[in-house]
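Structure, as structure tokens:
The values are calculated or read from the model by the stated rules, or taken from the named source; none is laboratory data. It should be emphasised that the depicted structure is a prediction, and the values quoted were computed from it without experimental measurement. As a convention, Cβ positions derive from the backbone with ideal geometry for all residues, glycine included, and neighbour counts pool all protein chains shown.
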Amino acid sequence: MSETEKLTLPVVDLARANDDFRKVLWTGDKTQLVLMAIPEGGEIGGEVHEGHDQLLYFVAGSGVARIGETECKIADGDVSIVPSGVFHNFRNTGSGMLKLFTTYSPPEHERGTEHATKSDAEADE
């Protein structure tokens, strides 16, 4: 799938339909929109983005967010805010996929990046 040229999208529907670990949907000069799906028992993986703020909008499933030293439950309808330089990880603790869309400011991934699984993403790093 190539990135979209559309500037208005049904992003919640697209995120709920997505089964890929990571799919870059749109990249601008200062922001990027990415779909993600975390399998049951899986996680995004602990990381720190230097120079990038990230917002994660959960649209299906449930899990646990760790942002800095704080852990909390996450579910459909929640948003997590990750400031630049802060350690974070998101784990799927529910049944079924944890689905979300996320924004990076500025962009974090190459335009058009797609990873079907977390293993694919790690192999690409």
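Residues are listed down the side, and each one gets a yes or a no for (1) modelled with pLDDT under 95; (2) out of contact with any strand residue (DSSP E or B) (no Cβ under 6 Å at 6 or more places or on another chain):
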site	(1), (2)
Pro10	no, yes
Val24	yes, no
Glu43	no, no
Val48	no, yes
Leu56	no, no
Ala60	no, no
Thr70	no, yes
Asp76	no, no
Asn89	no, no
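Restricted to region 76-99, and to residues there that are in contact (Cβ under 8 Å) with a residue 60 or more places away in the chain and aliphatic (A, V, I, L, M), the residue that is surrounded by the fewest Cβ atoms within 10 Å (Cβ to Cβ) is Met97. If I filter region 20-28 for residues that are closer than 21 Å to Lys6 by Cα and touching a Phe, Trp or Tyr at 6+ places or on another chain (Cβ under 8 Å), do I get at least one hit? Yes, region 20-28 contains a residue that is closer than 21 Å to Lys6 by Cα and touching a Phe, Trp or Tyr at 6+ places or on another chain (Cβ under 8 Å).
Taking every residue in region 31-43 that is closer than 12 Å to Leu56 by Cβ and pairing it with any residue that is of a type in the set (Lys, Arg), at least 6 positions away or on another chain, the pairs with Cβ-Cβ distances below 7 Å are Val34/Arg22; Val34/Lys23; Leu35/Lys23; Met36/Arg22.
For region 68-100, a residue qualifies if it is of a type in the set (Gly, Ala, Ser) and within 13 Å of the chain's Cα centre (by Cα), and exactly one does: Ser80. Determine, yes or no, whether Ala65 is free of Cβ contacts under 8 Å to residues at least 12 places away in the same chain and within 15 Å of the chain's Cα centre (by Cα). For Ala65, the condition - free of Cβ contacts under 8 Å to residues at least 12 places away in the same chain and within 15 Å of the chain's Cα centre (by Cα) - is not met. Checking each residue in region 1-41 for being closer than 21 Å to Gly51 by Cα, aromatic (Phe, Trp, Tyr) and part of a loop (DSSP other than H, G, I, E, B) picks out no residue at all.
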